[in-house]
Amino acid sequence: MKRYLPSIKRYSWILLVCIVVSSIIGFMIGKSLPPVFQVSSTILVQTGAPGTSITTLTSSPDPTQSLAEANTYAAEIPTRDVMTFIYKQYPELAAKGFSPNDLLADITAVPSTTSATVAVTASATTPADAVLLANRVADGFVLYSQQQAQHELDIMRQGFQTQLTNYQQQQKQLEATLAKIANPNDPNYIFTNNSLTSVNHTIDQLQSQLLSLPQTVRSDVSVVQHAELGDVTSSGKTTIIVAATAAVGLILGILIMMLMIFLDDRLQGDDQVQKKLGLAYLGSVGTHKELDAAPTRVAGKALEEIGDVYAGLRLTGLISTTWRAPQGGVLLVTSAQEAEGKTTVTAALAASLASVGSSVVVIDGNLRKPGTHLAFGMGGNALGLSGLLKGAGAVDDAVQRSNIPNVWLLPAGTPNIEPTFLLEQKLPAILAQLRKKCDFIIIDGPAMLSNADGLLLASMADCAMLVVDVRHCKVQLLERARDLLVTLARIPAGVMLNRVTKRKRNTFYAAAPVATSTPASVETVTSETVSNGNGHGQKTEVAAVASLPVVRASTPPPASVPPTPAMNSLPGFAPIEPTAFPMGAVPPRYMQFQPGSQDAQTKPLPPNIPPSPGRIPASPQPGRTE
């Protein structure tokens with residue numbers, strides 16, 4: 001669930017929209033319906049009260065039996081037989097346009113839990129109609145109940161009377177038989193006389209029972225409170241309809257949000273970098289306002305996260321421990337799309353490296369849209385990288401000192417809308433000079449899918465760090481950027497996630513790329529064409545050379561690495577006071593490039609340090625395969 005929490009937060013607006021829209025629809029439906037008025041009449045149940053029983057055995061109401069009878073009557077009132085009887089008893093109901101079906105829909109009967117009463121509630125579009133329905137149904141049910149009781153009494157009387165008539169006929173037959181026999185000693189006479197005596201006794205009992213039956217009987221229910229206009233309440237259904245439609249909107253929003261999450265091809269977690277892209281995972285940086293405002297002066301959690309990214313670069317092998325001047329390493333910081341935070345990460349990473357004693361040169365490689373100097377709070381240089389590519393000056397003239405010790409900036413200079421050919425021809429020599437002057441060269445490159453400049457810069461770098469904004473990290477685009485870096489540029493690359501949702505625990509994680517069975521000395525680039533759509537609607541196509549073997553240097557690393565030269569003795573840099581400056585502090589005197597310095601010229605690499613496989617020397621070497 002935690003993996004999908006960012007996606008749930010990203011698409012939570014769908015829930016809000018669905019609930020709001022459905023609530024508005026429900027409100028409109030509720031307002032379009034006529035208002036509903038409700039009022040109640042109360043019926044009292046007294047089972048066994050005088051005059052309500054057929055026999056006189058019960059002379060007082062039974063509370064327990066009354067409660068049970070009230071529940072029975074509450075279920076009997078909203079039935080078709082009862083409503084049809086009431087409809088026939090009161091013609092004014094038909095005059096008002098009501099039918100038995102309307103009564104069934106508009107009448108509810110609810111028994112009380114504490115007393116033997118039933119509340120008959122009527123709903124109508126006018127208060128008068130509500131009062132009429134409630135009173136007529138209550139009175140009509142009393143009549144219905146009384147009619148049912150009287151009918152039961154009549155049936156009982158008729159039964160007794162039928163039995164009495166039968167016995168009286170039998171009496172006459174027995175008397176006639178005795179008159180024919182006329183001999184009291186005759187056994188038939190004795191038997192017939194006994195039968196006559198029994199019949200006479202039964203006739204007496206039946207006559208007594210008939211005399212005990214009342215002529216009429218009252219219903220055991222009565223209306224104790226009739227509905228009045230003052231009791232009418234308005235019970236509009238708008239609230240109920242809005243609540244129901246809002247619930248439907250919530251369910252619909254959840255379904256749509258789940259569908260969007262299912263169709264979303266973004267990275268759902270840092271552990272998916274290695275699984276889906278096959279690249280090293282270097283770490284993540286959260287959303288920090290201070291990092292965006294001043295990337296070179298970060299502190300606290302942001303500084304810790306940048307340090308974790310640097311550790312990831314080291315531990316995954318993208319940055320070599322042998323990178324020291326005069327053979328510094330080149331790191332390309334890029335992204336798949338624009339506006340993913342790579343410039344901010346570049347400035348923060350440079351400041352972090354400088355704070356531990358490394359000398360860093362940051363190059364603004366986005367010649368079409370320069371902006372790295374803004375992250376350092378510096379102005380642009382008219383010469384810059386663009387001027388160097390055109391041969392307008394020397395490297396020492398274009399590099400600017402920054403307000404951070406051990407960090408220099410080579411800005412882009414004048415924007416160039418078509419720098420591709422110049423980068424390919426001139427940048428290798430510029431990088432070769434800068435390698436001798438510093439430990440690290442960080443290129444703030446353009447987005448890989450915006451144009452071919454990023455691919456050319458990657459081919460000249462030792463490794464690349466792909467900055468990915470987790471809010472816009474489409475896996476399909478990341479796979480295209482990965483193919484450009486690994487298949488065409490053929491350099492090791494890693495992924496850093498930017499603007500990650502903050503986690504309370506277990507925040508650190510890194511992963512090296514999975515090793516393949518391809519020999520390290522030979523790689524084959526298959527024929528393929530990579531089409532990349534960028535954010536401006538443009539399209540860049542880069543074709544790889546078919547089946548060209550790429551020979552890699554297989555020389556093992558040296559047994560010992562020459563000691564790092566002191567910062568005061570770095571060729572091409574002026575001395576600095578032997579004082580440790582915290583990251584972001586402004587020292588009294590800065591290390592800077594010395595224009596015209598003899599050390600700025602290209603020098604051969606020391607014999608004890610082999611050339612890096614992805615590094616391009618100062619001058620082209622004949623027969624080189626990459």
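The values are calculated or read from the model by the stated rules, or taken from the named source; none is laboratory data. The structure presented is a predicted model; accordingly, all values stated were derived computationally and were not measured. Backbone-built Cβ (ideal geometry, glycine too); neighbour counts: all protein chains shown.
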What are the residues in the stretch 233-286 that are of a type in the set (Ser, Thr, Tyr) and under 30 Å from Gly312 (Cα atoms), if any? Tyr281, Ser284
Enumeration of residues in the stretch 108-159 that are of a type in the set (A, V, I, L, M, F, W, C) and either under 30 Å from Leu206 (Cβ atoms) or in contact with a Gly (Cβ under 8 Å, 6 or more places away or on another chain) (or both): Ala149, Leu153, Ile155, Met156
For the stretch 302-312, does any single residue satisfy the condition of being in contact with a Leu (Cβ under 7 Å, 6 or more places away or on another chain), modelled with pLDDT under 85 and of a type outside the set (Phe, Trp, Tyr)? no
Looking only at the stretch 183-230, how many residues end up being buried (at least 16 other Cβ atoms within 10 Å of the Cβ), within 17 Å of Pro50 (Cα to Cα) and hydroxyl-bearing (Ser, Thr, Tyr)? 2
Lys437 vs (1) within 49 Å of the chain's Cα centre (by Cα); (2) at pLDDT 90 or above; (3) over 23 Å from Ala489 (Cβ atoms); (4) not β-branched (Val, Ile, Thr): all pass except (1)
How about the stretch 273-306: which of its residues are part of a helix (DSSP H, G or I), buried (at least 16 other Cβ atoms within 10 Å of the Cβ) and in contact with a strand residue (DSSP E or B) (Cβ under 9 Å, 6 or more places away or on another chain)? Val273, Gln274, Leu277, Leu291, Thr296, Ala302, Glu305, Ile306
Kindly provide the set of residues from the stretch 61-81 that are closer than 16 Å to Ile107 by Cα and in contact with a Leu (Cβ under 9 Å, 6 or more places away or on another chain), ordered by number. Pro78, Thr79, Arg80
Has the stretch 363-370 got any residue that is assigned by TED's automatic domain parsing to the domain that holds Lys390 and in a helix (DSSP H, G or I)? no
Pairs please, first residue from the stretch 429-442 and in the same structural domain as Ile363 (by TED's automatic domain parsing), second anywhere and among the charged types (D, E, K, R) and surrounded by fewer than 24 Cβ atoms within 10 Å (Cβ to Cβ), Cβ atoms under 7 Å, 6+ apart in sequence or on different chains. Lys436/Lys603; Asp439/Arg324
So, in the stretch 365-390, of the ones that are over 42 Å from the mean Cα position of the chain (by Cα) and under 19 Å from Asp453 (Cα atoms), which residue ends up surrounded by the fewest Cβ atoms within 10 Å (Cβ to Cβ)? Lys390
Residue satisfying all of: in the stretch 29-57; surrounded by 14 or more Cβ atoms within 10 Å (Cβ to Cβ), of a type in the set (A, V, I, L, M) and at pLDDT 75 or above; farthest from Leu211 (Cα to Cα) among these: Ile29
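Residue by residue, here is whether (1) aromatic (Phe, Trp, Tyr); (2) under 30 Å from Thr125 (Cα atoms); (3) modelled with pLDDT of 90 or more holds:
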{"residue": "Asn188", "(1), (2), (3)": "no, no, no"}
{"residue": "Asp204", "(1), (2), (3)": "no, no, yes"}
{"residue": "Gln209", "(1), (2), (3)": "no, no, no"}
{"residue": "Thr216", "(1), (2), (3)": "no, no, no"}
{"residue": "Thr245", "(1), (2), (3)": "no, yes, yes"}
{"residue": "Met257", "(1), (2), (3)": "no, no, no"}
{"residue": "Ile261", "(1), (2), (3)": "no, no, no"}
